[in-house]
Amino acid sequence: MNALERFAPLPLQESWDNAGLQLGLTETEVSGALLCLDVNEQIVDEAIRRGCNLIVSHHPLLFRGLKQISDLNDVQRTVMKTIENHIAVISMHTNMDNAQGGVNFKIAEKLGLQNVTFLAAKTVDGTEVGAGIVGEYATPVEAAAFIQQVKTAFHVACAQCNEQLQRPVRRVAICGGAGDFLLDEAVAAGADAFITGEMHYHQYFGYEQQIQICVIGHYQSEQFTTEIFQQIIRENCPDVKTLIAETNTNPIKYM
């Protein structure tokens, strides 16, 4: 937990968030860490099956306080199952989004972007952090090829895009998850394209031939966050077994 928080300090999280320790005893020896995007009953079952008593997730299990713990909904059932099986849960959410080398830097890495910097930068305790990133291709690519590269890198069958850009894409802005709040910042930064996980319908209007919007799904955009967790734990706690979850927790089905 300390290693994860050194990489992405909890003060970097947004005011509405609830990153950090969710459940469990901090003095328990770790038998293995299961790394995932979301925590649900299926993830807990996988942790049990694979011999892990720690779950490290991107999205918090507990966003708000619980007034009861019963079997009435998925969150409460998951809390009960983790406690019954002595499993701890740690979540690194918007603090990992905003950290240097965090979620958006991993997306940029998957696309081979260079000269990566924060899109909306700020300084916290003398360290530059921020929301979103912007990076560049060494060689510009045509818009159709850019969209195909994104789809291939993130294993998506289709992407939601606005009108295809009629110029090459070189400068790319990125915000994993729900990043539509950064669209105007991406335009102001001179980005040719903007990648995010989800965006409101009306925001697609008015940017024709200004910027190539490419929306790939919330889960899909953040799926490689587990690789960041694994690298941190391996470097700082090399004796801890780390396993990337096999369970796909994306609740959205494409039919």
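The values are calculated or read from the model by the stated rules, or taken from the named source; none is laboratory data. These figures come from a predicted structure and were not determined experimentally. When we count neighbours, we look across all protein chains shown, and the Cβ atoms used for this are built from the backbone with ideal geometry, even at glycine. Surface areas here come from the heavy atoms of the whole protein model, side chains and all, with no ligands, DNA or RNA. Shrake-Rupley method; radii C 1.70, N 1.55, O 1.52, S 1.80 Å.
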| query | Of the residues that sit in segment 202-229 and are small (Gly, Ala, Ser) and open to solvent by less than 20 Å² (accessible area, probe 1.4 Å), which one is nearest to Gly32 (Cα to Cα)? | reply | Ser221
| field | Long-range neighbours under 9 Å by Cβ, at least six apart or interchain, first residue among the hydroxyl-bearing types (Ser, Thr, Tyr) within segment 220-235, second open to solvent by 50 Å² or more (accessible area, probe 1.4 Å) | value | Ser221/Glu198; Thr226/Ile244
| task | Considering (1) in a helix (DSSP H, G or I); (2) buried (at least 16 other Cβ atoms within 10 Å of the Cβ), say which one Gln76 fails and leave the rest. | result | (2)
| field | Within segment 131-146, considering residues that are within 30 Å of Ala8 (Cβ to Cβ) and over 18 Å from the mean Cα position of the chain (by Cα), the one surrounded by the fewest Cβ atoms within 10 Å (Cβ to Cβ) | value | Ala138
| request: Considering every residue within segment 57-71, establish whether at least one is touching a strand residue (DSSP E or B) at 6+ places or on another chain (Cβ under 7 Å), open to solvent by less than 70 Å² (accessible area, probe 1.4 Å) and hydrophobic (A, V, I, L, M, F, W, C). | output: yes
| request: Determine, yes or no, whether Glu227 is of a type in the set (Asp, Glu), in contact with a helix residue (DSSP H, G or I) (Cβ under 8 Å, 6 or more places away or on another chain) and not in a loop (DSSP other than H, G, I, E, B). | output: yes
| request: With the condition kept exactly as written, say whether any residue in segment 177-193 is farther than 23 Å from Ala143 by Cβ, open to solvent by 20 Å² or more (accessible area, probe 1.4 Å) and not aromatic (Phe, Trp, Tyr). | output: yes
| Regarding Asn95, is this residue open to solvent by less than 10 Å² (accessible area, probe 1.4 Å) and touching a Cys at 6+ places or on another chain (Cβ under 7 Å)? | no
| query | For segment 29-88, how many residues are without any contact (Cβ under 8 Å) to a residue 12 or more places away in the chain, closer than 19 Å to Ile244 by Cβ and touching a Leu at 6+ places or on another chain (Cβ under 8 Å)? | reply | 0
| Which of the following residues is in contact with a His (Cβ under 9 Å, 6 or more places away or on another chain) and either assigned to a helix (DSSP H, G or I) or of a type outside the set (Ser, Thr, Tyr) (or both): Gly197, Gly206? | Gly197
| request: Within segment 7-22, identify whether any single residue is closer than 19 Å to Leu243 by Cα and part of a loop (DSSP other than H, G, I, E, B), and answer yes or no. | output: no
| query | Checking Ile232 against (1) open to solvent by 30 Å² or more (accessible area, probe 1.4 Å); (2) more than 30 Å from Glu163 (Cβ to Cβ); (3) assigned to a helix (DSSP H, G or I), which test does it fail? | reply | (1)
